[in-house]
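The values are calculated or read from the model by the stated rules, or taken from the named source; none is laboratory data. Note that the coordinates shown come from a computational prediction; the quantities given were computed from them, not determined experimentally. In this analysis, Cβ positions are derived from the backbone assuming ideal geometry, glycine residues included, and neighbour counts consider all displayed protein chains. When the accessible area is computed, the model is the full protein with side chains, heavy atoms only, and any ligands, DNA or RNA have been set aside. Shrake-Rupley method; radii C 1.70, N 1.55, O 1.52, S 1.80 Å.
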Amino acid sequence: MIYTLTYESEIVKPMSEHEMGNLLEQSRKNNKRDNITGCLIYYMGGFIQVLEGDREKVSALYKKIKMDGRHKNIHMFSEDANVERSFPNWGMAYYPIDANTTNKSEFEQFKRNLLLLADLTEPKHLTAKLFWDRIKFLITNPPKDF
Ligand code: FAD
């Protein structure tokens, strides 16, 4: 069975598309190799990520992620053991939500799509449910600076 965790963090400084592209490329390659699935959301200055896989592999990755200087204030808000994957086909899905880098209508459409996805996805474990609940909360209650 599978171990899963979800955490939230804040960016240290805005990342360019190129920097984000490198991060995703590396993550997708590593996660495929380690059979880790999940989802990474960038939401207006912060990240939320859910990871699923073998316990040792996910814990080792989380240790690396916590030491990564590209973000700060990293805190895990849920974990579960012995569950089924909620993101079996998502090597590392990535959803950027940033009012500063997308035009208003795109941004609004993007938020609607993500809310729809959050409502339609059937979480297979509590950690996935809390992940989607947090996304919904942030979309409907955006941080003050944005
Ligand atoms: P390394 O051999 O350590 O590095 C490979 C290349 O990655 C380097 O040449 C460099 O270009 C780049 N790199 C590594 N660390 C940094 C850094 N701190 N700043 C700038 N460039 C760097 N990794 C995953 O494998 N899977 C994930 O799902 C994942 N999710 C992440 C989510 C967030 C929000 C962040 C900030 C990082 C995430 N990472 C993820 C990256 C992780 O923290 C490590 O950097 C990565 O796992 C190192 O991989 P490696 O040992 O193969 O690479």
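How many residues does segment 30-79 hold that are in a helix (DSSP H, G or I), touching a residue at least 40 places away in the same chain (Cβ under 8 Å) and open to solvent by 10 Å² or more (accessible area, probe 1.4 Å)?
Residues that pass the stated criteria total 5.
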Identify all residues within segment 1-29 that are within 10 Å of the ligand (Cβ to nearest atom), loosely packed, with under 15 Cβ neighbours inside 10 Å and assigned to a loop (DSSP other than H, G, I, E, B); write none if there are none.
Val12
Hey, can you tell me all the residues within segment 80-89 that are away from the ligand (no atom under 13 Å from the Cβ) and surrounded by 16 or more Cβ atoms within 10 Å (Cβ to Cβ)?
Asp80, Val83, Arg85, Ser86
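To keep it simple, each residue is scored yes or no on (1) surrounded by 15 or more Cβ atoms within 10 Å (Cβ to Cβ); (2) touching a Cys at 6+ places or on another chain (Cβ under 9 Å); (3) basic (Lys, Arg); (4) in a helix (DSSP H, G or I).
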| residue | (1), (2), (3), (4) |
| --- | --- |
| Glu108 | no, no, no, yes |
| Asn113 | no, no, no, yes |
| Leu116 | no, no, no, yes |
| Pro123 | yes, no, no, no |
| Thr127 | yes, no, no, yes |
| Phe131 | yes, yes, no, yes |
| Phe137 | no, no, no, yes |
Hits in segment 30-77 - residues which are hydroxyl-bearing (Ser, Thr, Tyr) and either within 6 Å of the ligand (Cβ to nearest atom) or within 15 Å of the chain's Cα centre (by Cα) (or both):
Thr37, Tyr42, Tyr43, Tyr62
